[in-house]
Amino acid sequence: MSEPDARVIQLVMSLRGQGVNDRHVLAAIERTPRQLFVPERFVDHAYDNRPLPIDCGQTISQPLIVGLMTQLLEIDDRCKVLEIGTGSGYQAAILSRLARRVYTIERYRTLAKEAEARFTALRLTNITPRIGDGTKGWPEQAPFDRIIVTAGAPVRPDTLLEQLKPDGIAVVPVDNDRGTQTLVRYRHESDDGLQGEPLMDVRFVPLVEGEAKAL
């Protein structure tokens, strides 16, 4: 998609009006064809600002949430990013246009392989995908400048946060007592150690331990 169509422009304008004001993030969203990341039956809704179902009972996140979470990471082209929950690959594709390198983990083999094919088709060569247990992170590649989790963690994910650089940022949905999750941004605050800043309520599929062997 060499030129953005009206749907893309409308989506970007909508996101800007709802708080996604980082021009680099908006440009990455504009350049990433969301219709390639949704099932064929939902292609007509690819640029609706809402989540859509994908295989294995998972979802592709609402573009607004993708934009806000990406913006909260404060990524630049020197960053090495860890993503937990590849899903369709859409969030990783957005990250790859902003970061030096993206490492992404998916527990469902079907989703991981489909996402990898999309990365290849779009020539996104700075994404390294892996099938495995996202709750364990990627110790061999740690530490990371940024970590993003696209599933709801039951508690603060200390195993992942330990893989964050001292000056890094992590954005994680963490379960709350309202039946949803609170989006929390973690960063080191001088001598106070790693501090969490609760931002907004969100709704993600649960973060589950282990690799899904059957799918």
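Here are some notes:
- When residues in segment 5-35 are screened for being assigned to a loop (DSSP other than H, G, I, E, B) and among the aliphatic types (A, V, I, L, M), 1 of them pass.
- Note on segment 48-81: residues that are β-branched (Val, Ile, Thr), in a strand (DSSP E or B) and without any contact (Cβ under 8 Å) to a residue 60 or more places away in the chain total 1.
- Candidate set from segment 48-96 (those that are basic (Lys, Arg) and under 21 Å from Ala142 (Cα atoms)); member that is surrounded by the most Cβ atoms within 10 Å (Cβ to Cβ): Lys80
- Scan of segment 82-111 for residues that are without any contact (Cβ under 8 Å) to a residue 40 or more places away in the chain, among the hydrophobic types (A, V, I, L, M, F, W, C) and assigned to a strand (DSSP E or B), ordered by number: Val102, Ile105
- Selection from segment 9-36 of residues that are more than 20 Å from Ala121 (Cα to Cα), touching a residue at least 60 places away in the same chain (Cβ under 8 Å) and surrounded by 19 or more Cβ atoms within 10 Å (Cβ to Cβ): Val25
- The set of residues in segment 37-47 that are surrounded by 17 or more Cβ atoms within 10 Å (Cβ to Cβ) and either in a helix (DSSP H, G or I) or touching a strand residue (DSSP E or B) at 6+ places or on another chain (Cβ under 7 Å) (or both) comprises Phe37, Val38.
Rule-based calculations on the coordinates, nothing more; no lab input. The shown structure was predicted, so the numbers you read here are calculated from the model rather than taken from an experiment. Virtual Cβ from ideal backbone geometry, glycine too; neighbours counted across all protein chains shown.
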